[in-house]
Structures are given as C-alpha cells and as structure tokens.
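Worksheet: the structure to be examined is printed underneath.
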Amino acid sequence: MKLVLNIWRQKNQNSRGGMVRYELDGVNEHMSFLEMLDVLNEQLTEKGEDPVTFEHDCREGICGCCGFMINGVAHGPHRGTTVCQLHMRHFRDGEELWLEPWRAAAFPVLKDLLVDRAAFDRIIAAGGFISVNTGSAQDANTIAVQKHCAELAMDAAACIGCGACVAACPNASASLFVGAKISHLALLPQGQPERSRRALNMVAQMQQEVFGSCTNIGECEAVCPKGVKLENIARMNREYIKAAWAYREEAAAGGGG
Amino acid sequence: MSTMAVGGGLTRSASFYDSVIGKKAVMAITGFILFGFVLVHMAGNLQVFLPVHANGVHPLDEYGAKLRAMPPLLWGARIVLLVAVILHFVAAIQLSLLNKRQARPQRYVKLAPIVSTYASRTMIWGGLVIFFYVIYHLLHLTIGARFVNPTFEEGHVYQNLVSGLQNPVVAIFYMIANIVLAIHLYHGIWSMFQSLGIAHPRYTPILKRVSAVLAWVIGIGFCSVPLAVLTGFVKMTGGNL
Ligand code: FES
C-alpha cells in the first residue's frame with residue numbers, strides 16, 4: 001500500500017520545526033507503524049537525508065518508549081494500542097497521515113517525534129516508591145492483600161508511562177499518570193507508610209513540572225494503551241485532599257503522631 | 001524539589017489552594033452551592049405559571065415579598081453566593097491560564113478529540129458567558145438599573161419579569177444564556193464529584209446520566225419562562241401587589 005506522510009521535523013530543542021510531506025510506497029499491511037517508519041528512514045538514509053527520529057525500545061507495547069500523534073490522536077486510531085503494536089492494516093491505501101510529537105511544556109521536543117519525558121521520572125522520584133529492607137525477600141503470603149485491592153492496584157500498575165494521557169489532554173495534564181502511580185501503591189499494604197507523603201509530593205512535583213489540571217474530560221482514558229481508568233484520577237484527588245488536611249510531620253512536637 | 005502541605009490553619013489552607021487539586025475541590029464545592037441555588041431559583045421562576053390569587057396578588061409577587069421579609073436569610077444567601085461565585089471564577093481563571101497558556105505553549109497542527117463531550121471542552125467559555133449574563137440579569141431584574149431596564153418597578157416581580165422579557169432580543173438572550181448554563185451543568189454536575197474524589201464504576205455512569213437529566217430540566221425550566229412571555233402565553237395582566 002501507498003501512504004502520504006506529513007511528519008513533524010525538528011532539528012533540536014531550540015529550532016522551530018514544521019511539517020514535511022513524504023510519499024511512501026510498498027508498505028505492507030502486516031508491518032507495525034514503526035516498521036513502516038523504518039522503511040521510510042531507510043529510504044531517507046539512502047538519499048542522504050536525515051532519518052526521522054522517534055523513540056522505541058521493546059516494540060511489544062510494554063516499555064512505554066514509543067508514542068506520537070497520528071492524525072491528532074495519541075498512539076493512532078486503534079484503541080488500547082501503542083504505536084509499536086499498531087499495524088498498517090488499520091489504514092487505507094493512499095491515506096494521508098499526520099505525525100506529530102506529544103506537545104506539552106513538560107515534554108520538550110528533542111528531535112522530530114522524540115520528546116523528553118524526564119518530568120515523569122522526577123514525579124516518580126518524588127514519591128512513587130515504597131521503603132523496604134533489602135536482603136532476602138519475605139514470604140509472599142505473609143502480607144495479606146484483598147483480591148479486589150490487588151486487582152485494582154494491578155490495573156493502575158499497568159501504566160507504562162508513555163505520556164499519551166498528557167498528549168491527548170486538552171490541558172496537557174498528567175493526572176492519569178500520577179493518579180495511576182498513586183493508586184497503585186495506595187491500594188496495597190506495602191504502600192501505606194508513605195501514603196500521605198506520596199500523594200502530597202507527587203502532586204507537588206506534577207505541578208512543578210507545569211502539567212495542566214484535570215477537567216474530567218476523559219481523553220486520557222480513551223487513548224491509554226493500557227486502559228488505565230479515570231477512576232484513578234478520582235482516587236488521586238481523594239488521596240491528595242485527605243493528605244492535605246490530615247498529614248502531620250513525624251517530627252511534630254507534642255501529642256500523638 | 002517538591003514541597004509538602006504542612007503547618008496548620010491558614011498556611012495549610014493556602015498550600016491546599018495552591019495545588020491544582022485543591023483549586024478543583026474549591027470549584028466543586030462552590031459549584032455545588034451555585035447549582036443548588038440554580039435549582040431553587042428555577043423552582044421560584046416556575047411560579048410564573050401559577051394562577052393569580054383571589055385577592056389579585058400573583059404567587060410570584062407573594063414569593064418575592066416573602067423573601068424580602070427575611071433580610072438575614074436573603075442577605076446571608078446572597079453573601080454565600082457572592083463568595084461562591086468569586087472563588088469559582090478566580091480558580092477557573094487561574095487553572096485555565098495554566099492549562100491553556102503554560103502547560104501547552106505550542107499547539108497541535110492536528111488534534112482530534114475522540115470521546116470528550118462538547119460541554120466538557122467548553123467549560124471555561126460557558127462559564128464566562130454565564131458570568132456576564134448573571135451581571136446583566138442582576139441589573140435587569142434584581143436591581144432594576146434604569147439604563148438596563150427602564151420599566152422596572154421595585155417589588156413588582158411578576159410585572160417586571162413580563163415587561164422585561166417582552167423585548168424579543170432580551171428574551172432570546174435569556175434563552176441562549178440558559179442553554180449555555182445547561183451545557184455547563186451537563187458536565188459540571190458529575191464533574192464536581194470526580195474532582196472531590198468521589199467515583200465508583202457502578203455509580204459514576206448513573207451520576208453522569210442524572211447530571212444530563214438535571215441539565216435538561218434546568219435548561220427547559222429556565223427557557224420556558226422567556227419563551228412563554230415571548231409567545232404571549234404569560235401576559236401582563238397578572239400581578240399587581
Ligand atoms: S516500543 Fe515499547 S511500548 Fe512501544
């Protein structure tokens with residue numbers, strides 16, 4: 001099949017960038033979207049042009065590296081899929097496609113379709129962890145976890161941090177990502193010691209990175225390749241509101257903790 | 001690095017409000033108050049359709065007189081509403097500037113919404129329309145400022161309402177503004193629960209449906225009055241206090 005590709009080309013973080021039109025022939029419908037771009041890049045390289053930069057690693061839909069906008073939709077037209085798992089059979093022969101990087105102040109474009117998502121790492125570093133003693137792991141069944149809690153935590157933990165939620169949100173909000181990370185640990189007994197501090201710190205960091213606020217629109221949930229639910233944002237709100245009013249510094253003088 | 005909300009009283013409230021989630025919580029609570037007022041106001045308005053009492057007093061005038069006879073309640077409610085409007089408005093503007101200016105300085109060449117409703121994407125614009133409409137409405141039928149409503153007579157609620165809405169331009173403006181209000185509430189009613197962290201896979205879909213129904217009720221309820229005046233269904237003859 002044949003495709004017309006309008007791709008965002010940008011030399012580096014400081015250059016302006018713009019759409020460049022390419023025509024690509026001989027696309028196989030069994031190719032993944034990234035394989036299709038590999039073919040394009042091969043042709044560009046042969047012509048001595050700069051290949052299109054995009055991020056990828058596992059190409060199995062599990063690492064969260066890949067992702068860009070296809071015709072204004074994060075990860076393209078197929079629901080519950082990363083671009084690496086999106087196949088060309090979902091497109092028509094002769095179709096014109098528009099590829100753009102995620103756009104958010106917190107995700108600066110480094111080159112072409114590649115953005116810097118270190119803001120997510122800093123949010124995780126602010127509180128997306130639990131404290132345990134290293135050494136031999138304790139027996140898996142010593143801590144009882146209710147089944148429905150384990151399942152909800154697992155659903156939240158499915159988040160691969162690809163950034164599609166931010167990209168699709170009209171406010172460039174990271175609420176679904178942060179909500180998933182806060183939920184994942186708040187639902188499990190292992191996450192309890194840092195529960196309040198985690199909610200406060202991760203939300204504060206999210207704000208410091210200049211992500212927008214949630215207006216409960218739901219575009220994030222729709223494009224999430226892992227089906228992370230909006231309910232996680234409500235849980236984040238709950239956790240944050242509770243923590244903001246109930247949190248007490250451990251070192252606080254007088255009274256019980 | 002990140003800061004934490006510690007400390008007590010005012011500092012804690014301030015840092016809560018500083019957060020985007022805190023602002024949304026404030027918007028949810030004030031939105032709830034304003035929504036409650038809108039419902040009561042609509043019920044009050046619908047009295048325009050009641051028949052005139054035997055003594056010649058229209059129920060709407062009677063209702064207005066009753067409210068004015070309780071200044072502490074009336075002014076208490078007005079102050080609460082004013083504070084709610086200010087908080088709702090300021091938080092909305094602050095969040096909107098963050099979302100529209102700072103968080104995404106460079107726009108997409110192409111962006112295609114796939115599930116979001118028109119109502120949810122236009123909250124700030126709808127809110128601004130409602131804000132200016134409310135100012136106009138207060139000048140028009142509550143305060144009765146001469147330059148907005150020359151025929152206004154203090155205390156004659158029914159008469160003011162009918163004469164005020166007999167101007168088709170005004171009546172149509174009222175209807176448009178109330179449709180905008182209904183659209184705002186279509187998203188706003190369920191959204192306040194989500195902002196406060198109240199969500200459940202079983203109840204949230206019901207809540208969304210309830211909020212759609214309430215939005216329709218409010219839209220139709222409010223629009224019915226100017227429409228009735230415009231079509232001559234509700235006429236001047238009714239009320240003299
Ligand atoms: S490359 Fe790993 S998720 Fe797509």
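Nearest 10 degrees, 0 to 90: what angle lies between the long axis of helix B:9-18 and the longest principal axis of chain B (Cα atoms)?
90 degrees
For the range B:136-199 and the range A:36-56, what is the centre-to-centre distance using only Cα atoms, to the nearest Å?
59 Å
May I ask you to give the average projected area over all directions of the convex hull of the Cα atoms of the protein assembly as shown, in nm² rounded to one decimal?
Numbers: hull surface 127.3 nm².
Averaging across all directions leaves 31.8 nm² for the Cα convex hull.
Round to the nearest 10 and report in Å² the accessible area of B:LYS235, as given by a 1.4 Å probe over the protein chains' heavy atoms.
It works out to around 120 Å².
Diagonalise the Cα gyration tensor of the range A:117-254 and give the resulting equivalent ellipsoid semi-axes, square root of 5 times each eigenvalue, largest first, whole Å. Don't skip to the end; give the middle numbers.
Working: eigenvalues 124, 73, 38 Å².
They are 25, 19, 14 Å, listed from largest to smallest.
Considering only C-alpha atoms, what is the centroid distance from the range B:111-128 to the range B:58-94, in Å?
Cα centres, the range B:111-128 to the range B:58-94: 29 Å.
For the range A:86-130, what is the relative contact order in percent, using Cα pairs closer than 8 Å and at least 6 residues apart in sequence?
Numbers: 25 pairs, mean separation 10.0, N = 45.
Taking the mean separation of contacting Cα pairs over the length of the range A:86-130, I get 22 percent.
Within chain A, what is the longest stretch that has no GluC sites (Glu not before Pro) placed in a DSSP loop and near at most 15 other beta-carbon atoms within 10 Å? Don't jump to the answer; show the numbers that get you there.
Details: sites that count: A:GLU29, A:GLU49, A:GLU60, A:GLU95, A:GLU249, A:GLU250.
Counting only loop sites that pass the neighbour cut-off, the longest clear stretch is A:96-248.
How much of the DSSP beta bridge set in the range A:3-111 is antiparallel, as a percent to the nearest 5?
Numbers: 13 of 17 bridges.
Approximately 75 percent, going by the DSSP bridge assignments.
A:THR82: net charge of surrounding residues, Cβ under 13 Å, Lys/Arg +1, Asp/Glu -1, itself excluded? Please report the intermediate quantities before stating the final value.
Details: positive: A:ARG59, A:ARG79, A:LYS226; negative: A:GLU55, A:ASP57, A:GLU60.
That sum, taken over residues with Cβ under 13 Å, equals 0.
Please compute the modelled spin-label separation between B:GLN106 and A:ARG79, points set 7 Å along Cα→Cβ, answer in nm with one decimal.
3.1 nm
With heavy atoms of protein chains only and a 1.4 Å probe, what residues of the range B:22-61 have at least 40 Å² less accessible area in the full set of chains than alone?
Correct list: B:LYS24.
Report, for chain A, the % of DSSP beta bridges that are antiparallel, rounded to 5.
75 percent
Ignoring ligands, DNA and RNA, what accessible area per residue does the range A:3-111 give at 1.4 Å, in Å²? Spell out each step's value before the answer.
Working: 5030 Å² over 109 residues.
Roughly 46 Å² per residue, with all protein chains present.
Among the DSSP beta bridges whose two residues both lie in the protein assembly as shown, what percent are antiparallel, rounded to the nearest 5?
Numbers: 15 of 20 bridges.
Of those bridges, close to 75 percent are antiparallel.
Which of these, B:PRO150, B:PRO226, B:PRO201, has the largest mean-square fluctuation under a Gaussian network model of chain B (Cα springs below 10 Å)?
B:PRO201
What FRET efficiency would be calculated for the residue pair A:GLU60, B:VAL90, taking the C-beta separation as r and a Förster radius of 56 Å, to the nearest 0.05?
Numbers: r = 47 Å, r/R0 = 0.84.
In this case the efficiency is close to 0.75.
Could you tell me which of the pairs A:LYS229/B:LYS100; A:LYS181/B:LYS23; A:LYS111/A:LYS229 are separated by over 27 angstrom between their Cα atoms in the structure shown? Could you put the intermediate results ahead of the total?
On the way: A:LYS229/B:LYS100 24 Å; A:LYS181/B:LYS23 21 Å; A:LYS111/A:LYS229 31 Å.
Among A:LYS229/B:LYS100; A:LYS181/B:LYS23; A:LYS111/A:LYS229, the Cα-Cα distance tops 27 Å for A:LYS111/A:LYS229.
Give the Debye-formula value of log10 I(q)/I(0) at each listed q (0.10, 0.23 Å⁻¹), with one equal scatterer per alpha carbon of the range A:3-111, two decimals each.
Log10 of I(q)/I(0), two decimals: -0.27, -1.54.
Quick check on chain A: helices-only [θ] at 222 nm, where DSSP H runs of length 4 and up contribute -39,500 (n - 2.57) each and the sum goes over total residues. Nearest 500, please. Before the final figure, lay out each step's value.
On the way: 8 runs with 87 residues, N = 257.
Value at 222 nm, helices only: -10000 deg cm²/dmol.
Would you please classify the overall shape of the range A:192-235 from the alpha carbon gyration tensor, given that a ≥ b ≥ c denote the square roots of the eigenvalues, rounded means a/c under 1.5, and beyond that prolate means a/b larger than b/c while oblate covers the rest?
Because a/c hits 1.5 or more and a/b fails to exceed b/c, the range A:192-235 counts as oblate.
How big, in percent, is the set of alpha carbon pairs in chain B lying more than 28 Å apart?
Numbers: 12252 of 28920 pairs.
Value for chain B (Cα pairs over 28 Å): 42 percent.
Quick one: buried accessible area between A and B, total over both chains, 1.4 angstrom probe, nearest 100 Å²?
Counting protein atoms only, the buried area is about 4300 Å².
Quick one: pull the percent of accessible area on the range A:20-77 belonging to carbon and sulfur, 1.4 Å probe, ligands and nucleic acids left out. The partial results should precede the final answer.
Numbers: 1240 of 2760 Å².
Solvent-exposed carbon and sulfur of the range A:20-77 make up 45 percent of the total.
Given B:ILE114, B:ILE135, A:ASN14, which one lies farthest toward the positive end of the charge dipole of the protein assembly as shown, if we put +1 on the Cβ of every Lys and Arg and -1 on the Cβ of every Asp and Glu?
B:ILE135
Given the rule -39500 (n - 2.57) for each run of at least 4 DSSP H residues, summed and divided by the residues of chain B, what is its mean residue ellipticity at 222 nm, to the nearest 500 deg cm²/dmol?
-22000 deg cm²/dmol
Using the Cα atoms of chain A to build a convex hull, what is its mean projected area in square nanometres?
Numbers: hull surface 69.0 nm².
Averaging across all directions leaves 17.2 nm² for the Cα convex hull.
The values are calculated or read from the model by the stated rules, or taken from the named source; none is laboratory data. All figures in this text were calculated on a predicted structure; none of them were measured in a lab. With ideal geometry, Cβ positions are generated from the backbone for all residues, glycine too; neighbour counts draw on all protein chains shown. These accessible areas exclude ligands, DNA and RNA; they are computed on the full protein's heavy atoms, side chains included. Shrake-Rupley method; radii C 1.70, N 1.55, O 1.52, S 1.80 Å.
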